[in-house]
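Asker: Quick one: structure below, then a few questions.
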Amino acid sequence: MLMALYKPGQGYWTRMLTAIGASTLVLAGMGWIYGELGGIADHMTRNVTRASIVVGTIVVFGGLGWYLLNKPRIVDFMIATEAEMRKVNWPSRNQIIGSTCVVICGTAMMAILLWVVDIFFLWLFRTINVVAG
């Protein structure tokens, strides 16, 4: 069957998120192409041409996406990926909050340290008349 899914019900989330990501890229590209084709002279021809190119490209990429997301090797890889992701030991909410605080505090301390070093070198270079002040 042409429109039948290969192994339906398996790898749902990886297929769905892959399709959403690919669709986002295609639609963003089509928005850009639509804007770039605005230089066509005749108003009516411009709109029909732009719309035809965008719709045609979306149909082509949609068909390509459907074909690729139902190819046995790709689907089996996505199913295996989803199975492995279920085995991952994800951190708890408290661990994520703690790690985020450590990263923010570390970044702030590094910024303060670099600011102090910058002020020191500015003072040093002004003292030895390398920088006008």
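Please treat every number below as a calculation from the coordinates, not as lab data. Being a predicted model, the structure only gives us computed values, none of them experimental. Heads up, the Cβs are rebuilt from the backbone with ideal geometry, glycines too, and the neighbour counts pull from every protein chain shown.
Asker: Kindly establish whether I58 is surrounded by 12 or more Cβ atoms within 10 Å (Cβ to Cβ) and in a helix (DSSP H, G or I).
Answerer: For I58, the condition - surrounded by 12 or more Cβ atoms within 10 Å (Cβ to Cβ) and in a helix (DSSP H, G or I) - is met.
Asker: Moving on to the next point. Could you give me the residue pairs with C-beta distances under 6 Å whose first residue belongs to the stretch 78-89 and is in contact (Cβ under 8 Å) with a residue 60 or more places away in the chain, whose second residue is assigned to a loop (DSSP other than H, G, I, E, B) and not charged (D, E, K, R) wherever it lies, and which are 6+ apart or on separate chains?
Answerer: M78/G11; I79/Q10; I79/G11; E82/G11
Asker: Out of Y34, Y67, which single residue is more than 20 Å from the chain's Cα centre (by Cα) and closer than 28 Å to P8 by Cβ?
Answerer: On the way: Y34 fails: closer than 28 Å to P8 by Cβ.
Result: Y67 is the single residue among Y34, Y67 that is more than 20 Å from the chain's Cα centre (by Cα) and closer than 28 Å to P8 by Cβ.
Asker: Find the residue count for the stretch 13-25, including only residues that are more than 15 Å from I58 (Cβ to Cβ) and touching a residue at least 24 places away in the same chain (Cβ under 8 Å).
Answerer: 4
Asker: Hey, among the residues in the stretch 26-63 that are among the hydrophobic types (A, V, I, L, M, F, W, C) and out of contact with any helix residue (DSSP H, G or I) (no Cβ under 9 Å at 6 or more places or on another chain), which one's farthest from M78 (Cα to Cα)?
Answerer: A41
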